[in-house]
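Report on the following structure.
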Amino acid sequence: MQTLSSFLQDHWVEGQAPFTALHNAATGQEIARCSSRGLDLAAALQHAREVGGPTLRAMTFAQRGQLLGRLSASVGAHRDELLDHSRLNMGTTRGDGKFDVDGASGTLAFYAKLGAQLGDRSFLLDGDQVQFSRSKRFVAQHILTPRTGVAIHINAFNFPAWNLSEKLAVAVLAGMPVLAKPGTATALLAVRMVELWQREGLLPPGVLQLLVGSAGDLLDHVGSQDAIVFTGSGATGQQIRGHKQVLALNVPVNIEADSLNACLLGPDVEPGSDTWTMFLAEVVREMTQKAGQKCTAIRRILVPQALLEQVREELVGRLADLRIGDPGDDGVILGPLAGPAQQRDVLAGIAEATKHAQVVWQGPLPLEGCFAPATLLQTERGIDAEYVNDHEVFGPVATLFAVSGQPAEAVAIVARGGGSLAASVFSDDVAWSRQVLLGIAPHTGRIYWGSAKVFDQGVGHGAVMPSLVHGGPGKAGGGEELGGERGLRFYSQRTAIQGDTQMLKAILG
């Protein structure tokens, strides 16, 4: 059995027993083990501050972008091998694996291009000069400079390639070194990516370190110039925010957490229309892609009462046609969950959800492996529906809500979820859509508006684009990642410099 090592202080080091097992999701068999016990995490953070940080801050945006471009090219060159690792450890179909691996290379490439556009600078101006007194010569200029600490990335299990790369791309372009901790259950893919980058000499010393296993005492050693980005459960996010060292030093924390994402069908949509077809396709894809293990997956489906029966019939028909099983088999669309722990959580969540909503359809459950049945539920209780409005079952599970079609009701149900990363609205009625879009905007980080005008052109409800912000309020964590240049601000200090207008221009540009 393979023992995974961590990459700390530019060396591969193994932790000590006891070890945590990683599994083949399709069979449940153990394939690797890892541990962070006994590793010197204080030294690793200091190495990043003393070696990686100065290296990156001495680079221009263009040079940092070139580094990211080389990482992207490496992921692309080893794509098939990385997809094999994804299937072995996560149980992804080839299509689901590509969603992760290609997303990683694409995001790295996007920020490489952004670095080239920002050019031969190492900091950013934030707006124009500000005249704040009677003098036209004595002005102020806001600038953004990279923090001098470490970007600590604690990632989720569901996107080991993309989660590593999208956080890394933004931090490195901003000028901060990274210590990344992948989700333990699926760390095999992240380890292999860093092995390839290190073997090919793409990583300057101290720029990227990888911690495999538990975070241990990592947060005990954070400094005031560090920054923490976390993706995972809301409960763990609260623990990170409330850590005594984080609180004492006011270390910035960005969190992406639970999200009861909603999909809304407008009362104007006619069965068989292009917008109708888009809606059905998105719901089925979001329920089944990566076995529903996506932070942006649709969990609540709001359908006008007059259309509910036909929507239900068509969704059941499409779901029933999907094949579940070993992701290596031809024709399989729905693979297993990422591991035994995820399977236990999802099966328990399904059991609880069925106490609060009617089961419309449930697919088969293979006898072996870490599978969960695709499950479509229905409730007539709208905003008063318990559990399905409060808890995210992180698997192939969604609930139909019978609604009146009035914008106010739809907005209220979306808001009832407590904050989400993504929502989608399918309608060709501009007046109805305007009320819904503006009504749900304060409760969600991104909205996908599907209509006949963009039939077959949109990227989909669940696709996270590097040029757009990713995050959401409330339960979704209250954070924000990506967004092109916007993402660099989290890793930067905004400073107002006051002085003579021409002298400021001379040193700041």
For this session: Can you confirm whether the stretch 452-460 contains a residue that is touching a strand residue (DSSP E or B) at 6+ places or on another chain (Cβ under 9 Å), in contact (Cβ under 8 Å) with a residue 40 or more places away in the chain, crowded, with 21+ Cβ neighbours inside 10 Å and not assigned by TED's automatic domain parsing to the domain that holds residue 61?
Result: no
Problem set entry | Unmet requirement for residue 500, which otherwise passes all of (1) assigned by TED's automatic domain parsing to the domain that holds residue 120; (2) at pLDDT 95 or above | (2)
Exercise. For residue 430, are the conditions met, namely being within 29 Å of the chain's Cα centre (by Cα) and modelled with pLDDT of 95 or more?
Worked result: no
Seminar exercise, completed: Across the stretch 370-398, the tally of residues that are surrounded by fewer than 22 Cβ atoms within 10 Å (Cβ to Cβ) and among the small types (Gly, Ala, Ser) stands at 2
For this session: Go through the residues of the stretch 80-90 one by one and say whether even a single one is touching an Asp or Glu at 6+ places or on another chain (Cβ under 8 Å), surrounded by fewer than 23 Cβ atoms within 10 Å (Cβ to Cβ) and modelled with pLDDT of 95 or more.
Result: no
Seminar exercise, completed: Subset of the stretch 245-294, residues crowded, with 22+ Cβ neighbours inside 10 Å and of a type in the set (Lys, Arg), comes to 290, 294
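Do the conditions hold for residue 190, that is, is it in contact with a Pro (Cβ under 6 Å, 6 or more places away or on another chain), small (Gly, Ala, Ser), crowded, with 24+ Cβ neighbours inside 10 Å and touching a residue at least 12 places away in the same chain (Cβ under 8 Å)? Don't jump to the end; show me each part of the working.
Details: in contact with a Pro (Cβ under 6 Å, 6 or more places away or on another chain): yes; small (Gly, Ala, Ser): yes; crowded, with 24+ Cβ neighbours inside 10 Å: yes; touching a residue at least 12 places away in the same chain (Cβ under 8 Å): yes.
Answer is yes for this residue.
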Exercise. Residue 37: assigned to a loop (DSSP other than H, G, I, E, B) and among the charged types (D, E, K, R), yes or no?
Worked result: yes
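Can you tell me how many residues within the stretch 367-387 are assigned to a loop (DSSP other than H, G, I, E, B) and not hydrophobic (A, V, I, L, M, F, W, C)? Even if it seems obvious, please write down each step before you answer.
Applying the first criterion (assigned to a loop (DSSP other than H, G, I, E, B)) to the stretch 367-387 yields 367-374, 380-381, 385-387.
If we keep only those that are not hydrophobic (A, V, I, L, M, F, W, C) too, we end up with 368-369, 373, 380-381, 386-387.
Residues flagged as assigned to a loop (DSSP other than H, G, I, E, B) and not hydrophobic (A, V, I, L, M, F, W, C) within the stretch 367-387 amount to 7.
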Exercise. So which of 398, 351, 338, 402 is within 22 Å of residue 294 (Cβ to Cβ) and assigned to a strand (DSSP E or B)?
Worked result: 398
Exercise. What strands (runs of 3 or more DSSP E) completely inside the stretch 198-306 contain at least 2 residues that are in the same structural domain as residue 187 (by TED's automatic domain parsing) and under 22 Å from residue 51 (Cβ atoms)?
Worked result: 208-210, 227-231
Exercise. Among the residues of the stretch 132-152 satisfying the criterion of being touching a strand residue (DSSP E or B) at 6+ places or on another chain (Cβ under 9 Å) and small (Gly, Ala, Ser), which is modelled with the lowest pLDDT?
Worked result: 133
Problem set entry | Which listed residue, of 420, 404, is buried (at least 24 other Cβ atoms within 10 Å of the Cβ), in contact with a helix residue (DSSP H, G or I) (Cβ under 8 Å, 6 or more places away or on another chain) and not acidic (Asp, Glu) | 420
For this session: Identify, from the list 82, 108, 71, the residue that is in a helix (DSSP H, G or I), within 30 Å of residue 340 (Cβ to Cβ), hydrophobic (A, V, I, L, M, F, W, C) and not assigned by TED's automatic domain parsing to the domain that holds residue 326.
Result: 82
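Please return the ranges of strands (runs of 3 or more DSSP E) entirely within the stretch 415-509 where 2 or more residues are closer than 30 Å to residue 236 by Cβ and polar (S, T, N, Q).
Ranges flagged: 420-426, 492-500.
In the stretch 349-369, which residue that is hydrophobic (A, V, I, L, M, F, W, C) and modelled with pLDDT of 90 or more is surrounded by the fewest Cβ atoms within 10 Å (Cβ to Cβ)? Spell out how you get there, then give the answer.
Filtering the stretch 349-369 for residues hydrophobic (A, V, I, L, M, F, W, C) gives 350-351, 353, 357, 359-361, 365, 367.
Checking the rest, the ones that are also modelled with pLDDT of 90 or more come to 350-351, 353, 357, 359-361.
Working: 350: 19, 351: 10, 353: 20, 357: 22, 359: 12, 360: 17, 361: 17.
Of everything passing the filter in the stretch 349-369, 351 is surrounded by the fewest Cβ atoms within 10 Å (Cβ to Cβ).
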For this session: Kindly provide the set of residues from the stretch 12-34 that are modelled with pLDDT under 95, part of a strand (DSSP E or B) and either aliphatic (A, V, I, L, M) or surrounded by fewer than 23 Cβ atoms within 10 Å (Cβ to Cβ) (or both), ordered by number.
Result: 20, 21, 22, 30, 31, 32, 33
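The values are calculated or read from the model by the stated rules, or taken from the named source; none is laboratory data. Just so we're clear, the structure is a prediction, and the values are computed from it rather than from any experiment. Note: ideal-geometry Cβ built from the backbone for every residue, glycine included; neighbour counts use all protein chains shown.
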